[in-house]
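The values are calculated or read from the model by the stated rules, or taken from the named source; none is laboratory data. Note that this is a predicted model, so its numbers are computed, not measured. Using ideal geometry, Cβ is built from the backbone for each residue, glycine included, and neighbour counts are taken over all protein chains shown. What goes into the accessible areas is simple: the full protein's heavy atoms, side chains included, and nothing from ligands, DNA or RNA. Shrake-Rupley method; radii C 1.70, N 1.55, O 1.52, S 1.80 Å.
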Amino acid sequence: MERPAWAPRSIDISVPSVSRIYDYYLGGSHNFEVDREAARKAMEFMPGLPKIMQANRAFMRRAVRWAAGEGVTQFLDIGSGIPTFGNVHEVAQAARPGARVVYVDHDPVAVAHSEAVLEQNADAGVVAADLRKPQEILDSPQVRALIDLDRPVALLLVAILHFVEDADDPYTAVAELSAALAPGSMLVLTHASYEGIPLPTERAGGAVDVYKDIRNPLIMRSRDEIARFFEGYDMVEPGLVPMPEWRPDTAPEDEDPYAFSGFAGVGRTA
């Protein structure tokens, strides 16, 4: 397989990547045949996966605009993935010129592309780090330079926690990050769940098995389990809901049924 110029030499292009599979679902071009093959296998069980990802991105943009409208000017996006149209910094800085954004990802392709996109943007940066090691994120030079932890921050954990297994204690990781944030900070979160998927659980489980096979297990949590991530936060209306139902720009009933798979929510500290 020929390595494209944009692929860092350090990555194994014969192994599927969650970030590149997500890029494929969104119609991006930074993915390999091995990623497309895994995505197509998952879509054999859940053909609406691209619709879920589109709904996820649309929620993220609405939540960032809302947070900016509430006065938040700092955004920490963990598990940010490969840059696509309508990134957090584009949305936040359009709403609040001078807003500061730090992206965090452990995928080398995502980090490399973020660095390229942000090269001329003094108010945004990227960290190569892992959600499971929150102190490394908080202590990184990029976060220290761009984010003032004494002022409110919007912490984005969008489509990332369902890739953290219970054995890696995602609740503690989120709690450690949240404890470092100033009062008035926000948690913006989406998470996969069997609840809301317009398919029998057994069939949806086939797609989950594809992620297990590529050694990136997809952890489908219940609504109650997802709500636990918001401990210490006051939920913003309308609460923890399917993605199209969170402060929609258009009528939710016009959305594809797959868009209602999983949950989204925003919490704010007092």
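For the range 122-270, give the magnitude of the charge dipole about the Cα centre (Cβ charges: +1 Lys/Arg, -1 Asp/Glu; no others), in debye to the nearest 20.
In debye, rounded to 20, the range 122-270 gives about 280.
Assuming R0 = 51 Å, can you tell me the calculated FRET efficiency for the pair E119 and R203, based on Cβ-Cβ distance, to the nearest 0.05?
Efficiency, rounded to the nearest 0.05: 0.70.
Given P16, I197, G69, which one lies farthest toward the positive end of the charge dipole of the chain, if we put +1 on the Cβ of every Lys and Arg and -1 on the Cβ of every Asp and Glu?
Final value for the positive-end residue is G69.
Per residue of the range 185-193, what does 6.51 cos²θ - 1.76 cosθ + 1.60 with θ = phi - 60° give for ³J(HN,Hα)? Whole Hz please, x for Gly and Pro, Karplus curve as stated.
Result, ordered by residue: 6, 10, 10, 10, 9, 10, 7, 6, 7 Hz.
Where a Cα-Cα gap under 17 Å defines reach, which lysines qualify for K41, not counting those fewer than 8 residues away within the same chain?
K41 reaches K51, K212.
Take every Cα-Cα pair in the chain and report what % of them are more than 25 Å apart.
42
Note the full-extension length gain between A179 and N216 as 0.36 nm times their separation in residues minus their Cα-Cα distance, in nm to one decimal.
Computed gain between A179 and N216 is 10.5 nm.
Which residues' amide hydrogens lie under 5 Å from the amide hydrogen of L156, considering only partners 5 or more residues apart or on another chain, with H built in the peptide plane?
L76, D77, I78, V188
Can you give the % of DSSP beta bridges in the chain that are antiparallel, to the nearest 5?
Roughly 35 percent of the beta bridges in the chain run antiparallel, per DSSP.
Can you tell me the accessible area per residue over the range 77-182, all protein chains present, probe 1.4 angstrom, in square angstrom?
Accessible area per residue, the range 77-182: 43 Å².
Set the Förster distance to 22 Å, then compute FRET efficiency between D234 and R151 from the Cβ-Cβ distance, nearest 0.05.
0.75
Accessible area of the range 123-270 with a 1.4 Å probe: how many percent of it is carbon plus sulfur?
Roughly 48 percent of what the probe reaches on the range 123-270 is carbon or sulfur.
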